[in-house]
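Heads up: the structure comes next, in structure tokens.
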Amino acid sequence: MTALKEKLAAKITAVGAEVTSLLAEKGENKIGDVTVAQAYGGMRGVKALVTETSALDPMEGIRFRGHTITDLQRHLPRAEGSRQPRPEGLFYLLLTGEMPTPEDVDAISAAWRETERLPDHVPAVLDSLPIDAHPMTQFSAGILAMQTDSIFARRYREGMRKTEYWDAMYDDVMVLLGRLPLLAAYIYRRTFKNGEHIPPAEKGLDWGANLAHMLGMDHPDFKELMRLYLVLHADHEGGNVSAHATHLVGSALSDPYLSLSAGMNGLAGPLHGLANQEVMRWIVAVKEKLGGGVPTQDQLIDFLWETLNSGRVIPGYGHGVLRTTDPRYMAQRRFAQEHLPEDENFRIADMLFDLVPSILKEHGKAKNPWPNVDAHSGCLLVHYGLAEYDFYTVLFGVSRAMGVMASLVWDRGLLLPLERPKSVTTDWVRENA
Ligand code: CMX
């Protein structure tokens with residue numbers, strides 16, 4: 001058993017005992033009520049899930065196991081010469097609740113790099129899809145295709161005990177996370193670079209930098225961006241579509257491949273992770289319409305109203321929980337200010353940051369007029385040459401996998417049961433509410 005698994009085993013036992021006593025003591029206490037508006041309205045604000053890895057405050061933003069993004073940038077171990085945290089370290093934190101040492105992070109990195117090999121049939125599955133299949137469709141299909149290797153599915157068939165579920169989940173998750181950058185890079189190079197694939201770098205290069213390398217992006221600043229990007233998108237508590245879908249499907253004891261593929265299908269929706277590609281598409285459409293360059297404020301305002309008046313949303317703005325500017329947006333903005341202050345798309349993104357909130361307030365619909373994580377990532381990626389917008393959500397997915405997979409290990413560790421809320425009909429609401 002690895003040191004990480006041993007630590008996790010002890011923690012799962014301790015937290016499991018605490019949950020048992022909490023249930024005995026407070027099991028009948030209420031933590032909220034559900035209104036008719038919430039039942040029809042996407043369950044906003046209904047407290048009905050327990051997720052250990054992160055918590056989202058509407059006014060402060062995300063905390064990963066209690067730590068803000070700035071904390072992570074200060075305290076998570078870094079790669080040599082890097083100023084950004086290593087994503088592998090965030091996975092350790094999400095999984096254990098403890099800040100890792102550099103040695104802890106090296107151990108995860110080495111374990112993941114050890115598993116970076118796609119089973120032979122996975123490239124064949126991907127290559128059988130049309131070249132214009134959306135990269136998220138390919139990503140989800142690729143994850144699903146790897147399910148043939150699931151340790152959890154095999155051990156379940158062999159009759160493992162419930163108390164062993166988390167152990168088998170953990171084993172699957174460590175293989176899956178090691179393979180995801182390879183899968184993502186395969187999809188990118190297949191779709192956009194004539195299938196000219198780049199093998200992983202020598203062992204020792206960290207997870208984020210190795211992903212950058214396999215994409216064909218060896219600029220040191222892009223490697224820094226990948227580390228930051230993979231940290232920022234990793235987790236956003238349990239109720240967002242990708243996290244909730246992964247958790248829901250996992251509750252049927254579907255293995256991590258089946259569960260993550262489901263979560264990624266949710267991430268691929270334009271109201272969720274796909275918004276990052278839509279933001280860049282929107283900016284490029286403005287530039288094309290106006291003949292290139294940075295538009296004037298008035299031109300941007302006209303374009304924003306044109307979008308809203310045609311019934312579309314302004315991508316990258318608004319949020320189901322947040323009621324302030326997303327700190328993940330601000331972290332990317334700081335990166336842009338430092339590395340690409342004169343970049344044309346960054347200047348447009350910054351102009352939008354000035355303009356959109358007041359326009360959305362005047363429009364009067366969005367409860368949160370401020371930018372979310374997706375409003376910024378595109379201009380950073382384009383700056384370094386990754387201009388194929390349809391690929392962006394795959395990068396989001398590689399990162400999000402860390403959070404939802406850490407949660408899934410905990411779901412099985414705490415023996416959370418099948419998720420099966422009660423639904424009602426409109427007739428029932430009319431007669432009973
Ligand atoms: N532009 C225009 N209208 C918006 C809007 C935006 N950016 N954000 C919300 N609205 C509208 C909604 O469409 C809704 O309109 P209707 O009443 O006509 O249905 C109304 O304002 C109320 O919505 P809300 O309660 O403020 O927002 P929701 O919790 O329902 O939805 C979200 C949240 C993110 C889907 C929404 O703000 C949105 O569509 N934003 C644009 C897409 C986007 O950036 N998504 C990425 C979110 C982050 C992520 O998950 O990656």
I'm checking my understanding of the structure. Among residues of segment 30-70 that are in a loop (DSSP other than H, G, I, E, B) and hydroxyl-bearing (Ser, Thr, Tyr), which one is most open to solvent (accessible area, probe 1.4 Å)? Thr35
Restricting to segment 318-327, name every residue that is near the ligand (Cβ under 10 Å from one of its atoms), over 10 Å from Asp57 (Cα atoms) and open to solvent by 10 Å² or more (accessible area, probe 1.4 Å). Gly318, His319, Gly320
Among the residues of segment 212-242, which ones are within 14 Å of the ligand (Cβ to nearest atom) and either among the acidic types (Asp, Glu) or open to solvent by 20 Å² or more (accessible area, probe 1.4 Å) (or both)? Asp235, Glu237, Gly239, Asn240, Val241
Is it true that Lys193 is more than 20 Å from Ala79 (Cα to Cα) and not aliphatic (A, V, I, L, M)? yes
Do we find that Leu76 is under 19 Å from Leu416 (Cα atoms), more than 16 Å from the ligand (Cβ to nearest atom), open to solvent by less than 40 Å² (accessible area, probe 1.4 Å) and under 22 Å from the mean Cα position of the chain (by Cα) in this structure? no
Checked pairs for segment 305-323, first touching a residue at least 12 places away in the same chain (Cβ under 8 Å) and on the phi > 0 side of the Ramachandran plot, second open to solvent by 60 Å² or more (accessible area, probe 1.4 Å) and within 6 Å of the ligand (Cβ to nearest atom), C-beta under 8 Å and 6 or more apart or across chains, list as Gly318/Lys367
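The rows are residues; the columns are (1) of a type in the set (D, E, K, R); (2) closer than 25 Å to Leu232 by Cβ.
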residue: Glu288; (1), (2): yes, no
residue: Gly292; (1), (2): no, no
residue: Gln297; (1), (2): no, no
residue: Leu300; (1), (2): no, no
residue: Phe303; (1), (2): no, no
residue: Ile314; (1), (2): no, yes
residue: Arg323; (1), (2): yes, yes
residue: Met330; (1), (2): no, yes
Of the residues Ala268, Ala245, Ala234, Ala252, which is under 20 Å from Val46 (Cβ atoms) and touching a residue at least 12 places away in the same chain (Cβ under 8 Å)? Ala245
Limited to segment 125-182, what total is found for residues that are aromatic (Phe, Trp, Tyr) and open to solvent by 30 Å² or more (accessible area, probe 1.4 Å)? 1
Among residues of segment 328-352 being under 18 Å from Met59 (Cβ atoms) and away from the ligand (no atom under 13 Å from the Cβ), the residue surrounded by the fewest Cβ atoms within 10 Å (Cβ to Cβ) is Met330
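Check Ala245, Ala285, Ala275 and return the single one that is within 16 Å of the ligand (Cβ to nearest atom) and either open to solvent by less than 20 Å² (accessible area, probe 1.4 Å) or among the charged types (D, E, K, R) (or both).
Within the list Ala245, Ala285, Ala275, the selection yields Ala275.
Kindly indicate the residue of segment 183-211 that is among the aromatic types (Phe, Trp, Tyr) and buried (at least 21 other Cβ atoms within 10 Å of the Cβ) and also nearest to Asp106 (Cα to Cα) among those meeting that condition.
Taking the candidates together, the pick is Trp207.
The values are calculated or read from the model by the stated rules, or taken from the named source; none is laboratory data. Remember, it's a predicted structure, so these values are computed and weren't measured experimentally. Methodologically, a virtual Cβ is constructed for each residue, glycine included, from the backbone with ideal geometry; neighbour enumeration extends over all protein chains shown. Just the protein is used for accessible areas: all its heavy atoms, side chains included, with ligands, DNA and RNA removed. Shrake-Rupley method; radii C 1.70, N 1.55, O 1.52, S 1.80 Å.
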